[in-house]
Amino acid sequence: MYRRRLEGMKRHPPFSILARVYDRLMEEVPYEGWARFVLAVLGGEGCFPRSVLELGVGTGNALEPFLDRGLDAAGLDSSAAMLARARSQLPGVLLEHADMRSFRLGRRFDLVYSAFDSLNNLTDPADLAAAFESARGHLNPGGWLAADLNTPAGLSELWREEVWEEEGVRLVYSYDPASRSGRLEAWVGGELEVHLERGYEPDEVEEMLRALDYDPVFFLTYPDGRPPHPRSERFWVFARAPE
């Protein structure tokens, strides 16, 4: 009965109606901690970026810590609703409505950054590889990619069958181990949007990046900075573009 009712409903694009309440739902997300972590890791590699591009910039909260540190910052997102929020929060910052797989900004950066499993929204591995290729085309020689991704173990835990509700927001999670995919039905004020994510393992991400001549490529967990283990729920990948 529930599934039949869903089939007849209008579905909004991902991160459209959710944009109205996104920042309220994500108040506890460690945006500052992630930025500090990434910059510390890169500093250990002798990289001190002066410019950063964020893929999946959302409402701008993950980019703001880099602006606070004086970096020349830009962002892109496929959701016009999320970008509208970001533009009101980060006036004067270059924020482009673009696809992570095929963007063309006409400039390069020292760091391409993607936080909060934005890349997991690319559920086809070929699309993730395309995003890595687009990122490489926007990195200065020797620049770095730093991205946070969920693993299949992470999605199976975080997106297991459950329902979360708060002040007019209802989130229904599920996970399919066969496709390594999580599904989120986000209800806001009775309107629906559906999100899909695919979990990725470090070894398959490394294969994609090395095929594009990134080197070195390594993986760490936040906040301890240790290599991920087989049951790690998420990881950060760091990869340097060719000189």
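Just so it is clear, none of the values below were taken in a lab; they were calculated from the coordinates. Keep in mind that what you see is a predicted model, and the values were worked out from it rather than measured. FYI the Cβ positions are ideal-geometry reconstructions off the backbone, even for glycines, and counts take in every protein chain you see.
Observations on the model:
- Simple label model, 7 Å out from Cα along Cβ direction - Asp203 to His97, nm: 4.2
- Gyration tensor verdict on the chain (Cα atoms; rounded if a/c is under 1.5, prolate if a/b is larger than b/c, oblate otherwise): prolate
- Between helix 202-211 and the chain: long-axis angle, C-alpha atoms, 0 to 90°, nearest 10: 50
- Simple spin-label estimate for Glu157 and Tyr222 gives 1.6 nm between the two label positions (7 Å along the Cα-to-Cβ direction from each Cα).
- The peptide list 61-68, 25-32, 200-207, 85-92, put in order of mean Cβ contacts within 10 Å with the highest first, becomes 61-68, 200-207, 85-92, 25-32.
- Model label points for Gln89 and Arg231, set 7 angstrom from Cα along the Cα-to-Cβ axis, are 3.4 nm apart.
- 3J(HN,Hα) from dihedral phi, region 132-137, Karplus parametrisation 6.51/-1.76/1.60, rounded to Hz, x for glycine, proline: 4, 5, 4, 4, 4, x
- Cα-based helix-to-principal-axis angle, 80-89 vs the chain, degrees rounded to 10: 60
- Hydrodynamic radius of region 121-173 per Kirkwood, over alpha carbon pairs, in Å: 14.1
- In Hz, Karplus ³J(HN,Hα) per residue of region 29-43 (6.51, -1.76, 1.60; θ = phi - 60°; x = Gly, Pro): 5, x, 4, 5, x, 4, 4, 4, 4, 4, 5, 5, 4, 5, x
- Virtual paramagnetic centre 7 Å along Cα→Cβ of Glu167, amide N under 12 Å, in region 188-218: none
- Within-14-Å neighbourhood charge of Ala19 [Cβ basis; K, R +1; D, E -1]: 0
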